[in-house]
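Structure record follows, encoded as structure tokens.
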Amino acid sequence: MSLDYHKDTTHISKSGLDLIHQAPAKYYERYLNPSPLMKEKREKQLVIGSAFHSLILEPDKFKDEFFIMPEMHRTGSEIARKKLIQENIGKNYISVEEYQNMLGMKESIYAHPIASQLLDVDGMNETRFNWVDPDTGVKCKIKPDHLNFKKEYCVDLKTTKCAHESAFQRSAFDFRYHVQAAFYLDGLEANGIKMKTMAFIAVEKEPPFLPNTLYFTKSEIEVGRITYKKD
């Protein structure tokens, strides 16, 4: 599961580099502190993100990794809740509302003429790659959401508040997606996989779940490359 991927600190990930870029202390707090203050909240965010990716990219595996927690308000609901968790040991749960939103986002993505074509049924999903950065000797890792070998695109799914082109472009640089593009493309090439570029599919988290796509220029990706090398 991708949750295990995030817990592994033997290799650096792009999200780890993001924290180091802000301050090494933030990386320590997130990944190395044995008693992190925000652990429960972050783990919930990871579960929701993993469920969203699984539902879209690997729907056949969704029920093996997640279950839906029904709304419970009556007396004895806590007992019923604990029983349901016990019956689904090894799985993570999401709420009915979260699941319904994910279904809406999925439908929206596959109704989009460009986004739907980026997700090729014969592509490779959620596969980890490791390599050693030749300039720094640092062990690195990536886990691309989807590899479209027909179009030679590395594809990444993002949820966002606003998928409008100008708004998403601003948030893309705020969240350093150009750094991710460089990091992922370099990591794939180090593993013998050459891609033309990295494409981002953004979908809004609230109805009507509007989607959009984003690509970076070669010069923008080069800036991302210089940045991650510094990190």
Rounded to 10°, Cα long-axis angle of helix 77-87 versus longest principal axis of the chain: 60
Please give every one of the aspartates and glutamates within straight-line cross-link reach of Lys39, meaning a C-alpha to C-alpha distance under 19 Å, and leave out same-chain neighbours fewer than 8 residues apart. Asp4, Asp8, Asp18, Glu29
Applying the gyration tensor rule to the Cα atoms of region 1-106 (axes a ≥ b ≥ c; rounded if a/c under 1.5, else prolate if a/b exceeds b/c, else oblate), the class is prolate
Low-density loop GluC sites (Glu not before Pro), region 1-72, at most 13 other Cβ within 10 Å, DSSP non-H/G/I/E/B, are Glu71
Across region 52-157, what fraction of all alpha-carbon pairs, as a whole percent, falls in each successive 5 Å bin from zero upward? 2, 10, 15, 16, 15, 13, 10, 9, 6, 3, 1, 0, 0
Compute the relative contact order of the chain as a whole-number percentage, counting only Cα pairs closer than 8 Å that sit 6 or more residues apart in sequence. 19
Once Cα extents along the principal axes in Å is worked out from the coordinates, which option in (i) 50, 41, 36; (ii) 59, 45, 31; (iii) 53, 40, 31 does it equal? (ii)
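Could you grab the Rg to Rh ratio for region 126-175? Cα atoms only, Kirkwood for Rh. Numbers along the way, then the final one.
Numbers: Rg = 14.6 Å, Rh = 13.4 Å.
With Rg and the Kirkwood Rh in hand, the quotient comes to 1.09.
So, R0 is 35 Å and r is the distance between the beta-carbons of Lys26 and Glu165; what FRET efficiency does that work out to, to 0.05? If you can, show how the numbers build up before the last one.
Working: r = 30 Å, r/R0 = 0.87.
Taking R0 as 35 Å, the efficiency between Lys26 and Glu165 is 0.70.
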Go through Lys139/Lys194; Lys63/Lys143; Lys61/Lys139; Lys91/Lys150; Lys44/Lys230; Lys63/Lys151 and tell me which ones have a Cα-Cα distance over 26 Å in this structure. Lys61/Lys139; Lys91/Lys150; Lys44/Lys230; Lys63/Lys151
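Since every read-out is calculated from the coordinates, none of them should be taken as a lab result. No experiment lies behind these values; they were computed from the predicted model shown. FYI the Cβ positions are ideal-geometry reconstructions off the backbone, even for glycines, and counts take in every protein chain you see.
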